[in-house]
1. Check the straight Cα-Cα distances from Lys243 and name the aspartates and glutamates below 16 Å, setting aside those fewer than 8 residues away within the same chain.
2. Can you sort His97, His172 by 1.4 Å-probe accessible area, starting with the largest?
3. Can you list the residues, at least 5 places off or on another chain, whose amide H is less than 5 Å from the amide H of Trp62, using H built in the peptide plane?
4. For the stretch 353-364, what does the Karplus curve 6.51 cos²θ - 1.76 cosθ + 1.60, with θ = phi - 60°, yield as ³J(HN,Hα) per residue in whole Hz, taken in order and with x for Gly and Pro?
5. What residues have an amide H closer than 5 Å to that of Met121, excluding those fewer than 5 places away on the same chain, when H is modeled at 1.01 Å from N in the peptide plane?
6. Helix-only mean residue ellipticity at 222 nm, the chain, DSSP H runs n ≥ 4 weighted -39,500 (n - 2.57), per residue, nearest 500. What is it?
7. Would you give the gap between the C-alpha center of the stretch 94-134 and the C-alpha center of the stretch 34-81, rounded to a whole Å?
8. For Asp82, what residues show an amide H to amide H distance below 5 Å, using hydrogens built from the backbone and excluding near sequence neighbours?
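The values are calculated or read from the model by the stated rules, or taken from the named source; none is laboratory data. This is a predicted model, so every value here is computed, not measured. In this analysis, Cβ positions are derived from the backbone assuming ideal geometry, glycine residues included, and neighbour counts consider all displayed protein chains. Note: areas computed on protein heavy atoms with side chains; ligands, DNA, RNA excluded. Shrake-Rupley method; radii C 1.70, N 1.55, O 1.52, S 1.80 Å.
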Amino acid sequence: MSISLLAAVFSALAFSTVTSAEPVQYCPIQDVCYQVAVPSGSADANGGNIYLQLRAPTSYSWVGFGTGEQMADSNIFVVYQDGAGNVTISPRTGTGHIMPRYNAIAQVELQEGSGIVDDVMIANVRCGNCGAWPGGSMSLASEAVDYIAAWKAGDAVGSTDLDAAIRYHDAHDQWRFDLTQGTITDDANPYVGVSQFDNNNRGVSEGSFADPRTLIYGHGIIMAVVMVLLYPIGSSLMPLFGKWLFHASWQFLAFLLMWAGFGLGFVASQRIKLDFNSTHTILGTVVVCLMVLQPVFGWLHHRNFLKNESRGLASYAHIWYGRALLIMGVVNGGLGLQLADAPRKFVIVYSVLAGVMFLVYVAASAYGEYRRRLATGGYERKR
Ligand code: HEM
Ligand code: HEM
Ligand SMILES: *[C@@H]1O[C@H](CO)[C@@H](O)[C@H](O)[C@H]1NC(C)=O
């Protein structure tokens, strides 16, 4: 019993020393990851083979990363589907804000384990001369090498052409790798036999910048809670209890939280320089801005109601404008999940909750109308 425990501890220790010699990894967004491994021989000689991995779901048209601080003079590697169940690794030279073209000098070769596995494109790459390229060079033993990355969601490129046309990125990012943390003992493909991939960042030397994924998660969760739970619950409170102050304070808190969520989304989009031109970002901005009028209509309705004891124009504006914005907000959350390529289970939970809350609200609202009818003797006094 205790001997087997000891054996387990020892093998865990041994295993942890083995796995500490693993590639460095950076994932700017969920499931899009880039790795670099430097064999100790190459680090010592400051030359020779290094091993790269690029990984992304097949919902991406292409993903790429490269050494350098910007596109110009960067040594770029782009991966896309080859149209035959494998991937194409395309080394390219960055020349500025235009499509990088094939770089025939880079000696890259796909390694075992590359391909499309469970809807994930994997390129395990050996590069024989990646310490220097047409626009610059790097030390293979450096603790801070500048890297850039970019990605594009959408249809597969589906080509073995190393100079295939790729479309302008959705977003991009920059970071630094500490290559000394990515040293491996053997000059051999370190990715072979690795079938499970994590999303952790390792060996990223610039430690102080916010992980864009944390911002995106925070944004998504806050916005979903506000649009799918808080606003509909707050809207149901009114017909259920008829206490305007309860409703108004609840909705106002949700309103503040919504702006916090919007702020996180905005910061995240700045962080990865997300192209603003997506339905989710545009519609989302429109909805949160239009929502500013909702408390105003609510207040106007309240003042009118105190005076006239009945609904007026502001009441119908508040009710129907609010309902329309809530529906747009919920739909926009769905678009956000799509943009983030969120896991199926998130999409299912989101849709089910949205459906349930819709029914809860419709029931509460119908109950409210029923009570109003009773109270007003079957008809409504309008002006
Ligand atoms: C069709 C191909 C491409 C076009 C037309 C293109 C165009 C542009 C443009 C116009 C900008 C400046 C505006 C912005 O920030 O979005 C930019 C920036 C950037 N792109 Fe690309 N790009 C392409 C491919 C790539 C690839 C393959 C990478 C992979 C590493 C990449 C990485 C970056 C990065 C990191 C920046 C910000 C740094 C800089 O300004 O150079 N791009 N790109
Ligand atoms: C962003 C914030 C808000 C949202 C999304 C919102 C949403 C709604 C919705 C959807 C209804 C219709 C409920 C039903 O079906 O009966 C409603 C009713 C109402 N709201 Fe708001 N509301 C907000 C803020 C406020 C504020 C700040 C006030 C008061 C100052 C207010 C006062 C009322 C009142 C009195 C009603 C009842 C109207 C009636 O039944 O004639 N609301 N609200
Ligand atoms: C993809 O190509 C590489 C290099 O030729 C090979 O090692 C790998 O096994 C291929 N993957 C599949 C799934 O065929």
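1. Glu309, Glu369
2. Values: His97 175, His172 70 Å².
Order by accessible area, largest first: His97, His172.
3. Here Lys152 satisfy the definition.
4. Coupling constants for the stretch 353-364: 4, 4, x, 4, 5, 4, 5, 4, 5, 4, 5, 4 Hz.
5. Distant-sequence amide H within range of Met121: Ala56, Thr58.
6. -14500 deg cm²/dmol
7. What the calculation gives is 6 Å, centre to centre.
8. Val87, Thr88, Ser159
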